[in-house]
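The next block holds one structure in the form of structure tokens; read it before the comments.
The values are calculated or read from the model by the stated rules, or taken from the named source; none is laboratory data. None of the values given here were measured: they were computed from a predicted structure. Here Cβ is always computed from backbone atoms with ideal geometry, including for glycine, and neighbour counts include all displayed protein chains. Each accessible area value is taken on the protein alone, full model and side chains, heavy atoms only, with ligands, DNA and RNA left out. Shrake-Rupley method; radii C 1.70, N 1.55, O 1.52, S 1.80 Å.
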Amino acid sequence: MENIQEQEVFSMPRIGDKAPEFTATTTQGEINFPGDYKGEWVILFSHPADFTPVCTSEFMTFAHLEEKFNKANCKLVGLSIDGLYSHIAWLRTIKDKIKFNGMKNIEVKFPLIEDISMNVAKKYGMIQPGESKTQAVRAVFFIDPTGTVRAIIYYPLSLGRNFDELYRALIAMQASDKFNVATPADWEPGDDVIISPAGSCGVAAERMSGTDELECEDWFFCTKKLDKDLVLKEILKK
Ligand code: BEZ
């Protein structure tokens, strides 16, 4: 029995898996996940507990940036192992009392899942017993419009997330999909992109003989320009 419980706690979706399905109560009503988000990206993220300072700073930042994520066709869904009334009280306190990083009066409008049963947290491997047996770590799942897990980032309890990186990763994955390219280290829209490595000796030779479009350091390392405005036009909603 203990083994089955442990397996539940440790199981987690991997990149390329379909996002595990669930229905849940949230601060914005019931959700059916990921079915309610077909055709959209979702960032599903967990936090350790309501009424804690790092989580509060993160929620204010997510709420402040929600519109920016929405413009990139991405919805936000939060979760912690707390009950609905705790969530409601915490979000009201944030709005009424907390100032952080120049932000105040922040209303969290995206759904926050109550997961007192740990049903969702277990499905998504958000409980990492070495860190805490009762609180979810700071997990971030990027789920694409087909309901497939595309990236996963985990942070420990004490470390607040970097929101520039979350947004950068979202835009980079969308650019990869749209333009069939890969993105190098620290890529931002407007930077050169990587094209897939040559798959034959002929293509390798062709690339090294030089083309107008490609810049090749070697046969396996070719980049090309990708216009920033084009990337943003294709990805961001007006
Ligand atoms: C926080 O959000 O401040 C926090 C939560 C759990 C452990 C440590 C810090």
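Counting only residues that are away from the ligand (no atom under 14 Å from the Cβ) and touching a residue at least 60 places away in the same chain (Cβ under 8 Å), which one in segment 147-162 is surrounded by the most Cβ atoms within 10 Å (Cβ to Cβ)? Checking each candidate, the answer is V149.
Under the condition of being closer than 17 Å to T146 by Cα and either open to solvent by 40 Å² or more (accessible area, probe 1.4 Å) or not β-branched (V, I, T) (or both), the residues counted in segment 25-46 number 11.
Only one entry of E234, E165, E188, E131 meets the criterion of being within 16 Å of the ligand (Cβ to nearest atom), of a type in the set (D, E) and under 23 Å from the mean Cα position of the chain (by Cα), and that entry is E131. Applying the selection to segment 134-146, what residues are under 8 Å from the mean Cα position of the chain (by Cα) and within 16 Å of the ligand (Cβ to nearest atom)? The answer is V140, and nothing else.
Give the residues of segment 197-238 that are open to solvent by less than 80 Å² (accessible area, probe 1.4 Å), closer than 30 Å to N73 by Cα and not in a strand (DSSP E or B), sorted by residue number. L226, L230, V231, L232, E234, I235, L236 - these are the residues of segment 197-238 that are open to solvent by less than 80 Å² (accessible area, probe 1.4 Å), closer than 30 Å to N73 by Cα and not in a strand (DSSP E or B).
With respect to being open to solvent by 40 Å² or more (accessible area, probe 1.4 Å) and hydroxyl-bearing (S, T, Y), T61 falls outside the description. What's the total number of residues in segment 163-186 that are under 30 Å from A136 (Cα atoms) and buried (at least 16 other Cβ atoms within 10 Å of the Cβ)? Summing the residues that are under 30 Å from A136 (Cα atoms) and buried (at least 16 other Cβ atoms within 10 Å of the Cβ) in segment 163-186 gives 9.
Among the residues making up segment 31-83, those that are within 10 Å of the ligand (Cβ to nearest atom) and of a type outside the set (V, I, T) are H47, P48, A49, D50, F51, P53, C55, S57, E58, F59, S80. T25 falls short on exactly one of the conditions (1) in contact with an Asp or Glu (Cβ under 7 Å, 6 or more places away or on another chain); (2) within 16 Å of the ligand (Cβ to nearest atom); (3) hydroxyl-bearing (S, T, Y), and that condition is (2).
Quick check on segment 94-128: of everything there that is acidic (D, E) and touching a strand residue (DSSP E or B) at 6+ places or on another chain (Cβ under 7 Å), which residue is farthest from the ligand (Cβ to nearest atom)? My answer is E114.
Total residues in segment 75-131 satisfying the condition of being open to solvent by 40 Å² or more (accessible area, probe 1.4 Å), over 19 Å from Q28 (Cα atoms) and part of a strand (DSSP E or B): the figure is 1. Applying the set (1) under 25 Å from N70 (Cα atoms); (2) within 16 Å of the ligand (Cβ to nearest atom) to D177 leaves exactly one unmet item: (2). Please verify whether segment 185-205 includes one or more residues that are in contact (Cβ under 8 Å) with a residue 40 or more places away in the chain and farther than 30 Å from F22 by Cβ. Yes, because at least one residue in segment 185-205 is in contact (Cβ under 8 Å) with a residue 40 or more places away in the chain and farther than 30 Å from F22 by Cβ.
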